[in-house]
Amino acid sequence: MGEWPRDFKTYSQEQRLQAMDMDDAVNMGDIPRIERLLQEGVPVDIRSNGGDTPLIVAARTGQADLVRRFLALGADKEATGYGDQTALAIAKELGHPEVFEALPDR
């Protein structure tokens, strides 16, 4: 697949489709689909069209198991997305204590 740019706006059409697929899979908590995308080479820190990483989406939707999985795969916990917030800030703001506890350096 090659090197991935950091910004959705500069992704190829195929990369955009994979980014949208990953965003949808994380929002739905579809772990088999997420694992398939990762095995196909989709980066753990891929950005959605809104600028969020899968870690941020998992934090926003309260999915602590996915947060732990993405962190284990090397997700950038300091990445910011839409609203310039980290996964930790989002978990705290939205009241997701399990996600908050899963994120290091709180």
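Computed from the coordinates by the stated procedures, all read-outs in this text should not be read as laboratory data. In this text the structure is predicted, and so the values were computed from the model without any measurement. Quick reminder, even Gly has a Cβ in these numbers, built from the backbone with ideal geometry, and neighbours come from all protein chains shown.
Filter the GluC sites (Glu not before Pro) in region 51-106 to those in DSSP coil with at most 10 other Cβ atoms within 10 Å of their Cβ, and list the result. In loop regions of region 51-106 (DSSP not H, G, I, E or B), the sparsely surrounded GluC sites (Glu not before Pro) are GLU78.
Magnitude of the charge dipole for the chain, about its Cα centre and with charges confined to Cβ atoms of Lys, Arg (+1) and Asp, Glu (-1), is about 60 debye. Between ALA79, ALA58, ALA91, the Gaussian network model of the chain with springs among Cα atoms under 10 angstrom shows the greatest mean-square fluctuation at ALA79. Given 37 °C and 0.692 mPa s, how large is the Stokes-Einstein diffusion coefficient of region 9-102 in µm²/s, with Rh as the Kirkwood radius over Cα pairs? Rounded, D is 254 µm²/s. Were the residues from ASP7 through GLU98 laid out at 0.36 nm apart, the gain over their Cα-Cα distance would be 29.8 nm.
In plain terms, the chain from MET28 to ARG16 could stretch by 2.5 nm, reckoned as 0.36 nm per residue minus the Cα-Cα distance.
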